[in-house]
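The values are calculated or read from the model by the stated rules, or taken from the named source; none is laboratory data. Keep in mind that this is a model prediction, so the values were computed, not measured. FYI the Cβ positions are ideal-geometry reconstructions off the backbone, even for glycines, and counts take in every protein chain you see. The accessibility values were calculated without ligands, DNA or RNA, using every heavy atom of the protein model including side chains. Shrake-Rupley method; radii C 1.70, N 1.55, O 1.52, S 1.80 Å.
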Amino acid sequence: MANHLHHAVRGYKADRVKYLLQTGLSVNSKDSKGNTILLQALRMEDAVKRRRMVRYLLRHGADPMDTDDQNGRDALSWACALGRGAEVKTFLRVAPGEYDFQKTDHQGLTALHHAVQSMDTEVVTMIAEEMRRLWVSVDVPDSNGLTPYLLALKLGLVKIAEILRENGASRNQADSKRFQNGDCWLKCGKAER
């Protein structure tokens, strides 16, 4: 039955979603692949429909902290990875101070790492500013020892690296595996690109 709900969300069948929830189906049920309902909504391409569906699901008790089985990502990390700025803002607003910004998914990445990889400056700014507001360091290494700042430099995302520096990233840091600083990662990244 959960698969029916997920299918209705993906297809933006709002009446069907409403009906299935009224019949007692849990808004926090996962589909057969372990995906959360909010992940299904985040995958919608139409921004207006996506925003409406996410808000509807949240109003009806969808848990933004719930993680999918395959990747171990919550809704905020998925919104960051997909570059869904409006939904990042919504998730930060509905659960202020509740997210563990140092928590990593199964790939060893934090929400801020995903934001950097999305190359969306608005999303990176929102996450970094929220972390600064909560006094949480933006210098959290991933499973490869790269902080979001070093990852941005490796990817050649200088503007994003500047945003992270403005929000507390240490310029003098080095990764914990290759012991290379930002300047080295900028050069190494250029060679890899």
Relative contact order (%) - the chain, alpha-carbon pairs under 8 angstrom, separation at least six: 13
Pseudo-spin-label distance Asp69 to Lys33, built 7 Å along Cα→Cβ, given in nm, is 1.3
Order by accessible surface, 1.4 Å probe, largest leading, for residues Asp69, Asp105 comes to Asp69, Asp105
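Roughly speaking, what is the stretch gain from Lys49 to Glu162, that is 0.36 nm per residue apart minus the C-alpha to C-alpha distance, in nm to one decimal?
Details: separation 113, 0.36 × 113 = 40.68 nm, distance 3.31 nm.
Taking 0.36 nm per residue and subtracting the Cα distance, the gain is 37.4 nm.
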Rounded to the nearest 20 Debye, what is the dipole magnitude of region 75-120 about its Cα centre when Lys and Arg each give +1 and Asp and Glu each give -1 at the C-beta? 100
Cα-centred dipole magnitude for the chain, charges only on beta-carbon of K, R (+1) and D, E (-1), debye, nearest 20: 520
Residue separation times 0.36 nm, minus the C-alpha to C-alpha distance between Arg132 and Lys177: what's the value? 13.6 nm
In whole Å, what is the distance between the alpha-carbon centres of region 138-159 and region 21-51? 31
Send over the semi-axes of region 1-72's equivalent ellipsoid, whole angstrom and largest first, taken as the square roots of 5 times the C-alpha gyration tensor eigenvalues. 16, 14, 11
How much accessible surface area, in Å² rounded to 10, belongs to the heavy atoms of Cys184 with a 1.4 Å probe? 60
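Averaged over every viewing direction, what's the projected area of the C-alpha convex hull for the chain? Give it in nm², one decimal, please.
Details: hull surface 42.9 nm².
With every direction weighted equally, the projected area is 10.7 nm².
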Around Pro148: net Lys/Arg minus Asp/Glu count, Cβ-Cβ under 10 Å: -2
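Which number do you get for Rg(Cα) / (2.2 N^0.38 Å) in region 81-164?
Details: Rg = 11.7 Å, N = 84, 2.2 N^0.38 = 11.8 Å.
That works out to 0.98 for region 81-164.
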Of the residues Leu20, Leu164, Leu38, which exhibits the maximal mean-square fluctuation in a Gaussian network model of the chain defined by a 10 Å Cα contact cut-off? Leu20
Using only DSSP helix segments of four residues or longer, with each worth -39500 (n - 2.57), what per-residue ellipticity at 222 nm results for the chain after dividing by its residue count and rounding to 500? -15000 deg cm²/dmol
